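The next block holds one structure in the form of structure tokens; read it before the comments.
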Amino acid sequence: MAVDREQVLTQAAALLARRSTTSMDEIARAAGISRATLHRHFAGRDALIRALEQLGIEQFTQAMDAARLDDGPAPDALRRLITEAEQVAGVLAFLFTENQLFEGEEVNAGWARLDARLHALFRRGQEEGDLRIDLSAAWLTEAFYGLIGAAAWAVHEGRVARGELNHSIAELLLGGIRRSMEK
């Protein structure tokens, strides 16, 4: 039986986001494979976490590329990014809270590239007058990650319908960061 590595990692992220002490046995069962098979692909928990980090970087890079962040007004690009990020929200939710992140130069460099792209989108929106300037682009970047993670958790727990995810994130984020034209 061929093992879908990405599916195993996605399942692991979902379990670990809910409970960080999830065992490798539980991950294997949830993925429908044996523990031995899981260990053939990931020598241990640290290897699994590193693979999740790499998957998250790759998937979010693809989401950013698909969202065409440089096209059109920043709020429109942000809405496209939220839509594209929905597919990877579960992995991002885990990674956003995982305390083993940012170990190793390759992982640091990957997240730094993603952060820089998102930061640039927010900065562009501020410079174009679409987004508030009293909130730093760095803070807006962190808020974006937090909202994606919270939304994935809420959908997983059944508190928010999957179909409401994009709208909820976009309206909360943009409604809170749009520059008010009233004075």
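Only the coordinates and a few stated rules stand behind these numbers; no lab work does. The structure displayed is predicted, hence computed values, not measured ones. Here Cβ is always computed from backbone atoms with ideal geometry, including for glycine, and neighbour counts include all displayed protein chains.
Placing +1 on the Cβ of every Lys and Arg and -1 on the Cβ of every Asp and Glu, with nothing else charged, gives the chain a dipole about its Cα centre of roughly 360 debye. Counted by Cβ distance under 15 Å from residue 83, the other residues give a net charge of -3, where Lys and Arg count +1 and Asp and Glu count -1. Against the chain, whose longest principal axis comes from its Cα atoms, helix 74-85 is set at around 10 degrees. Among 78-88, 134-144, the peptide with the highest mean count of other Cβ atoms within 10 Å heads the list, and the full ranking is 78-88, 134-144.
Note that the stretch 50-63 has calculated 3J(HN,Hα) couplings of 4, 5, 5, 4, 5, 4, x, 5, 5, 5, 6, 4, 4, 5 Hz, one per residue in order, obtained from phi through the Karplus relation 6.51 cos²θ - 1.76 cosθ + 1.60 (θ = phi - 60°); glycine and proline are x.
Counting helices only, and only those DSSP H runs with n ≥ 4, report the 222 nm mean residue ellipticity of the chain as the sum of -39,500 (n - 2.57) divided by its residues, in deg cm²/dmol to the nearest 500. Spell out each step's value before the answer.
Values: 9 runs with 129 residues, N = 183.
Calculated from helices alone, the mean residue ellipticity at 222 nm is -23000 deg cm²/dmol.
Given a cut-off of under 8 Å on Cα pairs at least six residues apart, what relative contact order in percent is computed for the chain? Let's see the in-between values first.
On the way: 180 pairs, mean separation 39.0, N = 183.
Result for the chain is 21 percent.
Residue farthest toward the positive end of the dipole of the stretch 44-100, with Cβ of Lys/Arg at +1 and Asp/Glu at -1: which of 82, 72, 48? Towards the positive end, the residue furthest out is 48.
Each peptide among 26-38, 121-133 gets the average number of other Cβ atoms lying within 10 Å of its residues, and from highest to lowest they stand as 121-133, 26-38.
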